[in-house]
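Heads up, the thing below is written out as C-alpha cells.
Any read-out appearing in this document is the output of simple, stated calculations on the displayed coordinates, not a laboratory observation. Nothing here was measured: the structure is a model prediction, and the numbers come from that model. When we count neighbours, we look across all protein chains shown, and the Cβ atoms used for this are built from the backbone with ideal geometry, even at glycine.
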C-alpha cells in the first residue's frame, strides 16, 4: 500500500489482523519521572505549573494552558478524592463481568488534573463523587501504571 491517495473516496479499509508486536511505546521524559518514582519510591508524582497554579498527574513537560516548561515535580501522596466514576458490567469482548469493575477519575489534591484508575474494596453502589480513596501499590513494582493495583476507600 505505497500508492498515493489523493481523494478521500479512494481510501480503503484493511480487513484482518495487523502485526504490531515490534513497536515500543516511550513514556517520554515526564512519563519516565512518573514511572521511576512509582517503581523505586512508591510515590505518585505530578508536575506543577507555577504560572497557572495547576499540577499535572501524571506529569507533563509543558503546561497545556500557558505552554510553560514544567520542571517542578512533587510527591502527590497516595490519597485523593473521586471526581467522577463509572462501573463496567461487561468486558471489551461483551462478556458479563462478575463482579463488575469500577473506574474513577481521582484528584490527588486541589488544582490537579485527575488520574484515571480502578477502584477496589468497595461495592459499586457505595461509590460516590467526593469519596476519599487511597492507592494500593504492588509490593514488587515494575514502573508501570499497573503498579497501582487500585484505589480503595479511606476508612
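Once the chain from residue 26 to residue 132 is taken as fully extended at 0.36 nm per residue, the excess over their C-alpha distance is 35.0 nm.
With the Cα gyration tensor of the stretch 18-155 giving a ≥ b ≥ c as the square roots of its eigenvalues, does the rule (a/c under 1.5 for rounded; else a/b larger than b/c for prolate; else oblate) give rounded, prolate or oblate? Here the stretch 18-155 falls in the oblate category. Between 89, 117, 73, the Gaussian network model of the chain with springs among Cα atoms under 10 angstrom shows the greatest mean-square fluctuation at 89. Projected label points at residue 155 and residue 79, each 7 Å from Cα along the beta carbon direction, are separated by 1.5 nanometres.
Order these by the 10 Å Cβ neighbour count, fewest first: 133, 36.
Working: 133 25, 36 14.
The fewest-first ordering by Cβ neighbours comes to 36, 133.
Neighbour counts of C-beta atoms inside 10 Å place 148, 106 in the sequence 148, 106, starting with the fewest.
In the chain, the longest principal axis of the Cα atoms and the axis of helix 28-41 are about 40 degrees apart.
Fewest-first ordering of 141, 60 by other beta carbons within 10 Å of each residue's beta carbon gives 141, 60. With both labels modelled 7 Å from their Cα along Cα-to-Cβ, the residue 145 to residue 9 distance reads 4.1 nm.
At a threshold of 8 angstrom on Cα-Cα distance, excluding pairs fewer than six apart, so keeping six or more, what relative contact order does the chain reach in percent?
Working: 271 pairs, mean separation 29.1, N = 155.
Reported relative contact order: 19 percent.
When DSSP beta bridges are restricted to pairs lying wholly in the stretch 25-153, around 95% turn out antiparallel.
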